Amino acid sequence: MIGKQNRKYKVNQVIFTEGDPGDCAYLIEYGQVLVYILKDGVEIPLMVLGKGEIFGEMSIIDNSLRSASCRTLTETRLVIVTQEQLLDRIQSADPVVRLLMRALLERLRGQNDSIRGKVSVSNPIISEKLEQDKKEALERIELENRISVGLKNNEFLPFYQPIYDLETQTISGCEALIRWKTPDGKIIAPGVFIDVLEQSSLIHAAGQMMIEKCIADLSKMRNEHSFATDFFVSVNISGRQFADLNFLSHLETVRAKSDLPATHVKLEVTERIMTEGPQAITTLQKCRALDYQIAIDDFGTGFSSLQYLASMPLNDLKIDRSFVSQMMTHEKSLSIVKTLIYMARLLKLNLIAEGIETKEQLFLLRNLGVKQGQGFLFSKPLTYDDFVAAAAGASANSTQKKAA
Ligand code: C2E
Ligand code: CA
Ligand code: CA
């Protein structure tokens, strides 16, 4: 709805009447309104609303006519909330929240009908949407419960993708990527569950598990195998984890137990950390001060702000796979890659290219001065045992190459 103005209403002015089409909702900036229904010509008050409250939203949510009337009780100023503004937000909400909202709406309409002495008849449009929301909410809650049980049963584990020095083609470190190994032996990639984890408090249990397993595995790799002295493991940390007051003490306790220097542990963050509030950034700064390495991941794919690069205590910038995969065919992607490289150099950040799948991509990135990279050209993410075996093979190959 375009063009409807926020406006001031005098006392006792009608805002809408029962049966009107609902084209917007209202937020009360100041003043008071009465929502009422008429029964046999008599006004039956439903509620009095004041500053900061919203009304007129029901018919927008279920696309039906106004089921009550509304007038001002005092001088009132109203801010218009358009249909698009409301529906966009509802659509992007968690399906369980959507279901709650629709259920409450149905109940409220039922109450209004019973005051009128009518029996509620479901609106076919809202019933259809309600069914869809019910289905999505059920799937979501079921997945959340399965993940929660899976975490308790130790079904989640890190896989490791090697990160190569592009010049010497030796392994510099690895990125830990979470996997779910279900009881029937299936390995599930994070695309299926990472959003559910990150949007619920389950991310804390999953994040702690990743830190504990990755640090134990790294310690074992360093003790039992001959990796480079500065070999590191990179762990993805969501903004929500950084905002958790216990995050750093848990990380430090686990690391101290393993006797591993913090500089071997890299924390991968995305720009979304900036939306988690000042606590998350303070924790990030404390991690850096303790010598943990910090990499910015997926830079340039979200709502990037160059300000983030200046305000975050970073060591590395990862060039996203979306740019690497397109840079051979799309001039603009190549320009973005070159700009990121130039910028990283000026900001003294180490670069790691993601998603290298072809030799051409490898040669181009190396020629452009990118020092490190990962991708299916080298290896997919591997179990601990496969990673250690592959790393041993790679180091034998590189020794042979040097000797040849
Ligand atoms: P990411 O951090 O950007 O990780 C890189 C993703 O690209 C991984 O997907 C990896 O398997 C994939 N990849 C690497 N090289 C190539 C390549 O050459 N070609 C293609 N097509 N893909 C490649 P994966 O493992 O499915 O992880 C997806 C995302 O899930 C990660 O993206 C990260 O955002 C998130 N994630 C993974 N593990 C964790 C975790 O422990 N914690 C949190 N918070 N997020 C995680
Ligand atoms: Ca990552
Ligand atoms: Ca990435």
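Applying the condition of being basic (K, R) and modelled with pLDDT of 95 or more to the range 319-340 and asking which residue is nearest to Q372 (Cα to Cα) yields R321. If the condition is being within 16 Å of ligand 3 (Cβ to nearest atom) and on the phi < 0 side of the Ramachandran plot, then the range 299-308 contributes F299, T301, G302, F303, S304, Y308. From the list Y9, Y26, the lone residue that is surrounded by 13 or more Cβ atoms within 10 Å (Cβ to Cβ), under 31 Å from the mean Cα position of the chain (by Cα) and of a type in the set (S, T, Y) is Y26. Would a scan of the range 323-332 turn up a residue that is under 26 Å from L248 (Cα atoms) and either away from ligand 1 (no atom under 16 Å from the Cβ) or surrounded by 13 or more Cβ atoms within 10 Å (Cβ to Cβ) (or both)? The answer is no, given that none of the residues of the range 323-332 is under 26 Å from L248 (Cα atoms) and either away from ligand 1 (no atom under 16 Å from the Cβ) or surrounded by 13 or more Cβ atoms within 10 Å (Cβ to Cβ) (or both). Looking across the range 39-68, the residues that are under 20 Å from V11 (Cβ atoms) and assigned to a strand (DSSP E or B) come down to E43, P45, L46, M47, V48, L49, F55. Figure legend. Inter-residue proximity from the range 143-168: first residues within 25 Å of D385 (Cα to Cα), second residues polar (S, T, N, Q) and in a helix (DSSP H, G or I), beta-carbon distance below 7 Å, spacing 6+ or different chains. Indicated pairs: T168/S398. Only one entry of R107, R102, R98, R140 meets the criterion of being more than 15 Å from ligand 1 (Cβ to nearest atom), surrounded by 14 or more Cβ atoms within 10 Å (Cβ to Cβ) and farther than 30 Å from G207 by Cβ, and that entry is R102. Here Q307 meets the list (1) within 22 Å of the chain's Cα centre (by Cα); (2) modelled with pLDDT of 95 or more; (3) exposed (fewer than 14 other Cβ atoms within 10 Å of the Cβ) almost entirely, failing just condition (2). In this structure, D316 does not satisfy being out of contact with any Leu (no Cβ under 8 Å at 6 or more places or on another chain), under 25 Å from L365 (Cα atoms), in contact (Cβ under 8 Å) with a residue 24 or more places away in the chain and within 16 Å of ligand 3 (Cβ to nearest atom). Give me the pairs, please: first residue somewhere in the range 69-84 and in contact (Cβ under 8 Å) with a residue 40 or more places away in the chain and assigned to a helix (DSSP H, G or I), second residue anywhere and surrounded by fewer than 20 Cβ atoms within 10 Å (Cβ to Cβ) and among the acidic types (D, E), beta-carbon distance under 8 Å, and either six or more positions apart or on two chains. What qualifies is Q83/D23.
Could you please let me know if G41 is modelled with pLDDT of 95 or more and farther than 30 Å from K129 by Cβ? Against the criterion (modelled with pLDDT of 95 or more and farther than 30 Å from K129 by Cβ), G41 does not qualify. Can you go through R109, R66, R71 and tell me which one is touching an Asp or Glu at 6+ places or on another chain (Cβ under 6 Å), basic (K, R) and under 20 Å from A25 (Cβ atoms)? Of R109, R66, R71, the one residue that is touching an Asp or Glu at 6+ places or on another chain (Cβ under 6 Å), basic (K, R) and under 20 Å from A25 (Cβ atoms) is R66.
The values are calculated or read from the model by the stated rules, or taken from the named source; none is laboratory data. Bear in mind the structure is a predicted one, so any value in this text is a computation, not a measurement. Quick reminder, even Gly has a Cβ in these numbers, built from the backbone with ideal geometry, and neighbours come from all protein chains shown.
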